[in-house]
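One structure is given here, and the rest of the page talks about it.
Values quoted throughout were computed directly from the atomic coordinates according to the rules given, and no laboratory measurement underlies them. Keep in mind that what you see is a predicted model, and the values were worked out from it rather than measured. Cβ coordinates were reconstructed from backbone atoms using ideal geometry, including for glycine residues, and neighbour counts include every protein chain displayed.
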Amino acid sequence: ENANTISGVDAFILHDRYGFPVDLTLLMAQEKGVHVDVDGFEKEKVRVKNESNQKRATQKDFLGSHAIHFLEERETVLTVDQPKYFLEGTSTTIAVVLNIYSTKNSEWLSTATLHDGVVGIILDVTSFYTESGGQVADTGYLIDSNNVSHTFQVTEVQKFAGYIVHIGTVTSGIVSVGSNMRCAVDEERRKNIRSNHTMTHILNHRLRDVLQYNQPAKCTEIHQKGSFVGDTLLRFDFSWNEKLTLSELEELETAMRHDIRSNLTVFSKEIALDDALKIASLRAVFDEKYGVNVRLVTIGISVEEIEADSENFNRLKAFSIELCGGTHVQKTSSIGDVIIQSEESLTKGVRRIVCVTGEDAIKARKRGEDLEAEFHSINISTCSDIDIETTTGALNSKFKNLSKLRDQLNASTAPLIKKIRLREALNAAIEQVISDRRRILSTMLTDVSIFGESCAKSFDSSQKYIIHHVVDTFGLNRDAMTKLHDIIQRAHPSLPIMIIFFAEKSQSGLVMASSPDPTKFDASVWVKHAVGKGGGKPSLA
């Protein structure tokens, strides 16, 4: 709505979604004379935080202690969720509705309809993934296997005291206890989540290669400090005290892409926790609470091979080996592609990397290539010294286009590595334009000095006034006009002076006039009489 203001919401989106520090947004906006709604940013930050907390609280309290006690008293069986690991067939699992719970009146229902609003359904078996371990829950539908017109939309899947609850609303018909429902997981979304989760493991592994093993002098171990796996991106937080260099980012992304192209097999197996902890290069969040048995996920090496050589650190460090209950791809090539979108400091000693995979990564690369092509198109233009107006006009246009492109680059989803390199090239090109403008102005002002001294000698102080026309020589440059005027004025301080610059090519002009005694001779009136319009003071217009 206001082209001169970046709203608080937009500033927060840049910060939250794309990893743009608000300080950088402020700095860039200041350079362009644009205002940032900082108060709005802080309000949006608080709003999103409160909304997130409220959502988590709602999910956490969906089944209260009384509801859980009800299930335990009736010895309700815990939902079997092994089908969530199926690579195919997650939409063919048939389940029986065991319970339906409504938070509206904190009651158990025998049937639910659209009018009951948000309810939770407990099944005997499910292929839906429950939100856990940093991975978002699956979404999709429960569809009556006997009557497809009876559907329930699943928007959240949460676990309470071991009971898996499918949270959502009836979208058509009714859902009843005892009904047979087909679990229709959103397969496309699940596919993206699987890719992002496997890539999180690859990132975790390759970070150690690039930062820890390749730089032993730093004596710093990489430890996972948190992660988020969604359908559109992955975030990974890790212990490291320094910003990653461009070469480190390039090495990291190249290694991750190599693992994708290598079409590595992803293995998983449930083993005893004690056996897992004996594996030399195991990656785990060790302050997590694990059960007696854990799920081991490995990439490029089978669990059986690891178990047979579990203490061979030098061999096993070449592979990703983690404790994980999430969903993964079967072959890394199905991920398609990956790009690092951002890398930033989260807190002291903890950094965050955001990546996107698959089609989103391909689109991001295309966006980066398009911006790079646009840069070369702008930067290839040369500014030949045909005439001062054309040259300065071309430089000003180039500066404007480069600055605009830099803003587009900073706000884009292009890969971070491309951004860094292209930003460097843009900054260098902009500096060159500034340097060229200074050089041309300096040369021009030197020429003006020589020209002005010659002009001043051609006038006689006995004249009533001085009017001097200059066609094309200095274009419409105000600095040149001011300097020429000042030189003539110093030579003839008692005379009214008018300087007229005219550019033949654009058929436009610039006029400047001065009066040594405004009470007798008004320069602003003189300009208006000469060109029909103008402004300024009686002494200078």
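Compute the distance in nm between two label points, each set 7 Å from the Cα along the Cα-to-Cβ direction, one at Leu540 and one at Tyr465.
In this crude spin-label approximation the distance works out to 1.9 nm.
If you take the beta carbon distance between Thr245 and Asp61 as r and set R0 to 56 Å, what does 1/(1 + (r/R0)^6) give as a FRET efficiency, to the nearest 0.05?
Efficiency for this residue pair is about 0.75.
Express as a percent, rounded to the nearest 5, the fraction of DSSP beta bridges in the chain (both residues included) that run antiparallel.
Once the DSSP bridges in the chain are tallied, antiparallel ones form about 85 percent.
Only Cα pairs under 8 Å and at least 6 apart count here; give the relative contact order of the chain as a rounded whole percent.
Reported as a whole number, the value is 9 percent.
Nearest 0.05, what FRET efficiency do Thr113 and Glu221 give at R0 = 45 Å with Cβ-Cβ as r?
So, using R0 = 45 Å, E works out to roughly 0.25.
Just checking my list (i) 36, 31, 27; (ii) 69, 30, 19; (iii) 39, 28, 22 against semi-axes √(5λ) of the Cα gyration tensor in Å computed from this structure; which label fits?
(ii)
Which percent, nearest 5, of DSSP beta bridges in segment 381-541 are antiparallel?
Counting only bridges with both partners in segment 381-541, antiparallel ones make up about 55 percent.
What is the distance in Å between the Cα centroid of segment 120-148 and that of segment 257-274?
Cα centres, segment 120-148 to segment 257-274: 26 Å.
Under a cut-off of 25 Å between alpha-carbon atoms, report the lysines in cross-link reach of Lys243, not counting same-chain residues fewer than 8 places apart.
Lys45, Lys218, Lys225, Lys317, Lys348, Lys418, Lys419
Using only Cα atoms, tell me the angle between helix 38-60 and the longest principal axis of the chain; keep it within 0 to 90° and round to the nearest 10.
Once rounded, one gets 10 degrees.
Farthest toward the dipole's positive end in the chain, which of Ser403, Thr392, Asn379, given Cβ charges of +1 (Lys, Arg) and -1 (Asp, Glu) about the Cα centre?
Highest projection toward the positive end goes to Thr392.
For the chain, what is the mean residue ellipticity at 222 nm derived from helices alone (per DSSP H run of n ≥ 4: -39500 (n - 2.57); sum divided by total residues; nearest 500 deg cm²/dmol)?
-13000 deg cm²/dmol
Hey, how many Å between the Cα centroid of segment 276-324 and the Cα centroid of segment 326-362?
About 21 Å separates the Cα centre of segment 276-324 from the one of segment 326-362.
Figure the gain on full extension for Ser458 and Ser172 (residue separation times 0.36 nm, minus the Cα-Cα span) and round it to one decimal in nm.
Additional length available on full extension: 93.5 nm.
Taking 0.36 nm per intervening residue step and subtracting the Cα-Cα distance, what contour gain separates Asp309 from Ser333 on full extension?
Stretched out fully, the Asp309 to Ser333 stretch lengthens by 6.0 nm.
With a cap of 16 neighbouring Cβ atoms within 10 Å, and only residues DSSP puts in a loop, list the trypsin sites (Lys or Arg not before Pro) found in segment 463-541.
Lys464, Lys505, Lys520, Lys533
Order 441-450, 102-111, 298-307, 194-203 from most to least packed using the mean count of other Cβ atoms within 10 Å.
Ranked from most to least packed, the peptides come out as 194-203, 298-307, 441-450, 102-111.
Return the FRET efficiency for the residue pair Ala428, Glu369: r is the Cβ-Cβ distance, R0 is 22 Å, and the value is rounded to the nearest 0.05.
0.65
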